[in-house]
Structures are given as structure tokens and as C-alpha cells.
Amino acid sequence: AAANIGVVGLAVMGSNLARNLASREGNTVAVYNRSRTKTDELVQAHPEAGFVPAFSYEEFAASLSKPRTAIIMVKAGGPTDAVIDELVKVFEPGDIIVDGGNAYFPDTIRREKAVRDTGINFVGAGISGGEEGALLGPSIMPGGSDESWTTLGPILKSIAAVAEGEPCVTHIGHNGAGHFVKMVHNGIEYADMQLIAEAYDLIRRGTGKTPAEIADIFAEWNKGELESYLIEITAEVLRQIDAETGKPLVDVILDQAGAKGTGAWTVQTALSLGVPVSGIAEATFARSLSSHPEQRAVASILPGPGTDFAVDDADAFIEDVRQALFASKIIAYSQGFDEIRAGAAEYDWTIDLGAVSKIWRGGCIIRAQFLNRIADAYAEQPELPVLATSPYFADALTRGQAAWRRVVIAATQAGIPSPAFSSSLAYYDGIRADRLPAALVQGQRDFFGAHTYKRIDKEGTFHTLWSGDRTEIEAEDTH
Ligand code: NDP
């Protein structure tokens, strides 16, 4: 038993994570992969890592000191279950199995329960940062028991990204909490990317600037409150020239955005929790819309407003777009944190929202200075019901709302789709409204389904006898 930690699954993520682990003081890493070639290749390519290769699950288990700790990095879904089944056979009570793949959190809840019944600990850990993050330091969102965190915490802290001196890992909560938070992270990432894409599109079509010129604008924005990895890489992508055609690469890439499903999970989960994550939903739907070329070809016969879109004052418009982007981003994050709060209540997790925002400051795709402001907001008020109402964000929304409205109006008049900008603004106006037309919806529900309603002026539940004499009666609550 020479190794203190093992990795199962040595494709790009697993091998990089194994190298990251091996590079840290005090770690000896056992490695195993279903097909032997990947193991041989990794061990040969990195003699400096001192890997302990295993070629069967028995050998893998024998090479680990107790409590045995293994991180699984295989294809999410069936393959993860297959590996867990094998590890459970060779591990003992007290050992720890970590799933570092992109599991859907209900699967993690199910697996944790099944593995716990054997006395072995199971930890679903969301790992963000792609290949580079796995190698150099990802943001890690582990769930699982407190007992497993005692052993696992120091190991994960040693390999996580560091932001302002703090490792980007914290024990999120029990069973599926880590994968839940990773899911919402990805949903927020979808929204952030879509908002940036809408900002680019509006500037390009409104001002006629080239992608390279817009890259400079994003690089400038990256020095201010929008500073983030996604803004930084946007400038890089926009500046790239295609070697074959000499055109900006962004003009050569087919305009169909793919998705691996985590955005859809975030939205599906939000729908069942009753949380309006409209920014994330619109971002997910925007990718779906882009990926139906046959529909888009047919729909191109539909008319637009028939006017050219050219703004009078390019600089003023660009500043408006910047403010609209920041305001919409605040709403998207506010909605995402709302989903985590609701998920924690539903699944009985204690999740420190401020700690979540802190571990997203480094390693992951949505890393940004901005997350410090979220941490501040929750430090001031841990039970904050709407993140966007914290003083810093409320002030930014107050300053930005006029520009935000101008941008949404301009986009609408020009016939430029801006679903994330406009749905975020609609959410803002909805959540702050004194009174909503939901009253009428409830009246309609009472009319056709006797679903009853509450009154603003007295306690109780009421129903109007719509098909009778239309008097109001007290009723059982069937909301
Ligand atoms: P893949 O998702 O491509 O998975 C390939 C690995 O899974 C190989 O090691 C393969 O073994 C193994 N595997 C597949 N089926 C089985 C099985 N039935 N039994 C045992 N092993 C099996 O690898 P990645 O490195 O891209 O990702 C690993 C995990 O990390 C995934 O869950 C992914 O979602 C997640 N992730 C990926 C990120 C990324 O940027 N790529 C970012 C964050 C998380 P073999 O060599 O024998 O085929």
C-alpha cells in the first residue's frame, strides 16, 4: 500500500487530475484505467510523477493505504455506476469513493445512499475548469459526509485553484449537494456566455465595428467591474484570424452552439423547484434555437422591422451595452443562487452561499472578481432572499437600468434577438413590481378549475360561483 490517493479513468480529465495530485507534496497516486493503454501511456510520459499503476481493481485497492481514497473520472452515467460497482467489491468500510465526473445530482443522491449501505463513503464532487483546470488547479465542489471530508479535504485543498490565498474548494453539503452546485455553476456559465454573445452582436450590428475592434472593447471591459475569464477569452476568440480564409475566425465558425446537457439540467431542476432562472433558460434555449438550421432556413421568410440598425453615437451605445451586460449578469447570478438556496431547502442541505461564490473565484469557467461582491453580500446577510437586492448590486442596477432599457428597446426595434438581456430585464421588473397580473391568472384559474384565490383584504380562501349566481363563497384551499 504505497499510494494515499488513486484515480480511476485516465482520459484527459483523469490523467491531468492524477498529474496535479502527484505534483503536490506528500501525495503518491495510484492510477487505473479500464483499457491498459491509457495507464501505460500516462506512466511512461510522466516518470516524474511516480505513479503506482494498477491493472485490475484488486491491484488498485491493494496499492492504496487506508482509508482508501479514489477519485473516479470516467464518462458520466452508466460508466460511473460500473466503476462504483467494481470499487465497492474491493474497498472496505471507511474507504472513500469520489465521483469527480459531471454526474446529475439525483444520480449522486442515489449512489451515495447505495454505497453508504456498504459502510463505504461516497462523495460526488463537481470539478470545474476543464483540462487545464484539472492539471493546474480546478474549482472543486464536493458533497458527501463530514467523515469523508476529514480525509478528503486536505487532499482536495492541495490540488484546487487558489484565489486570493484561499483554495477553491469547500465542503458544499451532504450527498448530491456538490454536483447540484456544479450543475448551477454550469447553468450560470451558459447565461454569462449568452449575455456576452448578445453584447457582441449588438455592438457589431449597431456600430459596424470589426471583431478585432470589439475584442479591444472587451479587453477594456475586462479592466473594470466585468473582469472575468469569460470576457478575457471572448477578446481572444474575437481577435483570432482564420488561417485558411484570412477572415475573423468568428465569421467562419458555424453559428450553431452545442451543449452537453448541464444547462438543461439546471433549467429542469429550477422548473421543478419553482425557481425562475429565466436568464439560464433563455441561454439554453438560444443554443437550441441556433442548432435547428432546417427551421431557421424556413423561418428566414419572416419579415424583420425593415429598418437599418445604426446607432448615432457609437461610444454611448457601447457604454449602454456594457451596463446592460452587467445588470443582466447580476440578475443571472441572482437567479442561480436562488436555485441553490431552493435546492438546499428541498434536499435538506446546509449550503453556505458566500463560500460557494468564493470557490468560484478561481479555477472554474465563471471565475471573476465579481464573485467577491457576492461573497460580501452573503457575509452581510446570509439569508438574503434576492441577491440582486444587496446594496452593491442594487446600486449597480439603479445606475444601469436606464442604459439596460435603452439597449433592449434598440435591440427590439432593430429586430436583433437579445433573449437573455430582455428576459433578465423582465425578471427585474417582475420581481420588483408592487402588484402583478398574477391576480388575473388566479381569477382565470378559479373560473375554469375552481382553484380558489386569497384576498388582499381578509384571511381565508375563496371561490366565486362562476357558473351560478357569481357570489363568492369560502372554500377549501386548492391553490
Ligand atoms: P470521458 O468522459 O471521455 O470518459 C473517458 C473515460 O471513461 C476513459 O477513461 C474510459 O476508459 C472511461 N470509461 C468509459 N466507460 C467505462 C466503463 N464502462 N468502465 C470503466 N471506464 C469507462 O473523459 P473526460 O476525461 O473528458 O471526462 C471525465 C469526466 O469528467 C466526465 O464525467 C466528464 O463529464 C467530466 N468533466 C469533464 C470536463 C472536460 O472539460 N472534459 C470538465 C469537467 C468534468 P477507456 O479508456 O477504457 O475507454
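The values are calculated or read from the model by the stated rules, or taken from the named source; none is laboratory data. This is a predicted model, so every value here is computed, not measured. Neighbour counts are summed over all protein chains in view; Cβ atoms, including those assigned to glycine, are modelled from backbone coordinates with ideal geometry. Heads up: the accessible areas ignore ligands, DNA and RNA and are worked out on the full protein's heavy atoms, side chains in. Shrake-Rupley method; radii C 1.70, N 1.55, O 1.52, S 1.80 Å.
Remarks
- Taking 7 Å steps out from each Cα toward its Cβ at L302 and E131 produces label points 3.9 nm apart.
- The string of couplings for segment 256-261 from the Karplus curve (6.51, -1.76, 1.60, θ = phi - 60°) is 10, 8, x, 7, 9, x Hz, one whole number per residue in order, with x for Gly and Pro.
- Percent carbon-and-sulfur accessible area, the chain, ignoring ligands, DNA and RNA, probe 1.4 Å: 54 percent
- Anchor K75: lysines whose Cα lies under 17 Å away (excluding residues fewer than 8 positions away in-chain): K38, K182, K260
- A Förster radius of 45 Å combined with the Cβ-Cβ distance from E147 to D395 puts the calculated FRET efficiency at roughly 0.55.
- Order by protection proxy (mean Cβ within 10 Å, highest first), peptides 218-229, 262-273: 262-273, 218-229
- Derived scalar couplings between HN and Hα for segment 61-75 equal 4, 5, 7, 9, 6, 9, x, 5, 10, 9, 9, 8, 10, 10, 3 Hz in order, rounded to whole Hz, by the Karplus curve 6.51 cos²θ - 1.76 cosθ + 1.60 (θ = phi - 60°), x for Gly and Pro.
- Calculated on alpha-carbon atoms, Rg and Dmax of segment 274-414 in Å: 18.5, 54
- In this label model, V441 and L271 are separated by 1.5 nm, measuring between points 7 Å along each Cα→Cβ vector.
- Full-stretch length increase - S290, D376 - with 0.36 nm per residue and alpha-carbon distance subtracted: 27.2 nm
- Annotation for E346 and E227: the two label points, set 7 Å from Cα along the Cα-Cβ direction, are 3.6 nm apart.
- Solvent exposure of segment 186-242 amounts to 40 Å² per residue of accessible area, where only protein heavy atoms count and the probe is 1.4 Å.
- Solvent-accessible surface of segment 289-402, averaged per residue with a 1.4 angstrom probe and all protein chains in place: 48 square angstrom.
- Of the chymotrypsin sites (Phe, Trp or Tyr not before Pro) found in segment 46-104, the ones in coil according to DSSP and having at most 12 other Cβ atoms within 10 Å of their Cβ are F55.
- Length gained on full extension, A219 to E48, computed as 0.36 nm times the residue gap minus the Cα-Cα distance: 57.8 nm.
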